Amino acid sequence: MTKRRPPAGVSDVSDDPIATLRRGASASLAASVLDKVANVVLVVLLARVLLTPAEYGLLNVALAALSVVSILATLGLPKSTARYVNDHLDGDSGQVPHVLRTGATAVGLTTVVVVLALAVFHRPIADLLGQPTVAPFLLVGTLYVAVRAGFKFLNAVFQGVNRVDLSALTAGVNGVARVAFAVGLVAIGLGAYGAFLGYVAGYAVAVAVGGVLLLGRVYDAGDAAAEMEAGLGRRLVEYAVPLTATRGANVLDKKVDVVLVGSLASLAAAGYYTVAKQLSDIVSMPAASFGFALSPVLGEQSGTGDRERAARLYEQSLTYVLLCYVPACLGLVLVARPTVVYVFGTAYAPAVPVVQVFSGFILVNAINKITSDALDYMGRARARAAVKSAMAVSNAGLNVLLIPVYGAVGAAAATVFTYTVYTGTNVYVIHTELGLRPLRLVRRAAVVCGIALGMGAVVTLALPLVGGLGTLFGVVGMGVGVWAVLGVSSGLLDVDQLRTFVR
């Protein structure tokens, strides 16, 4: 029987996995750079120039609340669809088009139900949050939920078919469009409401572009088998259940805290907290891009029985993440005050301790970025769903206890603690799946800590020289230079390998 060709635009799984990883990570990183640069521009303009801390807090409380609602719109269906698409890439069954249609239909139905419910109950939800001013955002948020659901589905599918370049393109479009619309609408006098509409418009443009790419480069009805494999649709929906729990817990971890800070402290405190989280997201960008490309590659290698190769690939990836992020997080603690003051303005000085506490979250989040999605592709979603759910509930409970006493700093501490437990569990699960070499990783981590301390000593000595953005960048550049020298001399940073990857 002649092997059926992969769906149009889908990478052949016979490709070298390292080459696939490099292509995917490069594309994802390039788009993430574009998206994050756009986000930095937007955050700085909104926080420093266009909105007050209270208005910025209101915007982000609304976005966080809608992110929680959006869980019900997509459940775990996008990632489940991506997983089963990935499973059938190298087969001759012609099931990929059926999986795509089934996943898209399911996401469409759940989204319609949630959008209608939100339109009816937007005012009671705002009252429940203790912020009636959020109600207009929730009403227009029906559009936000719809376009965000489409974006999440497209993004997951492109990842599942190993076309990370396409997901990267849609993400880049979203970032640029979001800035253009948000700044333009705020500038004409619509305030926080205009900024919110900019987020809606960014997702809408990205979904339009992504839909064209899906139909033109991935989906090919001519590749479809006469019938869908018996039970495949049921398995897709069933596998979405643990993914829903994991995603719901993830959103509970990362979004509910913003809502709670706004409700239990103040909208201004929510603004400070959001600025700290935005900084953490920016710093986490390289790990997120690398992990997005790494996950399906590890899934392929594990699925074909080459677990040894998958283990070594993960170990090397973890080493590079530690090498980058342990020094980076220490550096952020040291330069947090001048960074916040000179970038966002003195009005955001209360965010400095929040940023310093969040440095711990940045490190564990970076490790998790290359770990959690890989477990989904290995079929271990259930293994992490229970822990994620427990940690999310614990995080919410700690937030309720700590925010009234410590404000945004308490919320940050709760997030760091619970996410550390969750990430450690994920690493253990992937160890049981692949068989890592713990002692080797511990030795490498010890070397990384030595590099971080050396870099930190130089930055500490240079801090008194900081008097503005120019000197701040100079001190950061000096720290990066010390890090590079120590990384190369330790043998952990291979210049030739890095040059090849970048090229």
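Put simply, the Cα atoms of region 302-363 extend 55, 19, 17 Å along their principal axes, the longest span coming first.
Once the Cα-Cα distance is subtracted from the 0.36 nm per residue extended length, the ALA386 to LEU469 segment shows a gain of 25.4 nm. Scaling the Cα radius of gyration of region 42-105 by the globular reference 2.2 N^0.38 Å produces a ratio of 1.83.
Rounded to the nearest whole angstrom, the semi-axes of the ellipsoid equivalent to region 384-503, taken from the Cα gyration tensor as √(5λ), stand at 33, 27, 12, largest first. The listed peptides 464-477, 270-283, 349-362, ordered by packing as a protection proxy, come out as 270-283, 349-362, 464-477 (highest mean of other Cβ atoms within 10 Å first).
Just to confirm a number: summing +1 for Lys and Arg and -1 for Asp and Glu over residues other than ALA445 whose beta-carbon lies under 14 angstrom from that of ALA445, what do you get? All intermediate terms of the calculation are to be shown ahead of the outcome.
Working: positive: ARG437, ARG440, ARG443, ARG444; negative: GLU315.
Net charge in that neighbourhood comes out at +3.
Note down the relative contact order for region 116-187 as a percent, whole number, built from C-alpha pairs under 8 angstrom at least six residues apart. Once normalised by length, the contact order is 19 percent.
Here, each number is a calculation from the coordinates, and none is a lab measurement. Only a predicted model underlies this, so the values are computations on that prediction, with no experimental measurement involved. Every residue, glycine among them, receives a Cβ derived from its backbone with ideal geometry; neighbour counts consider all protein chains shown.
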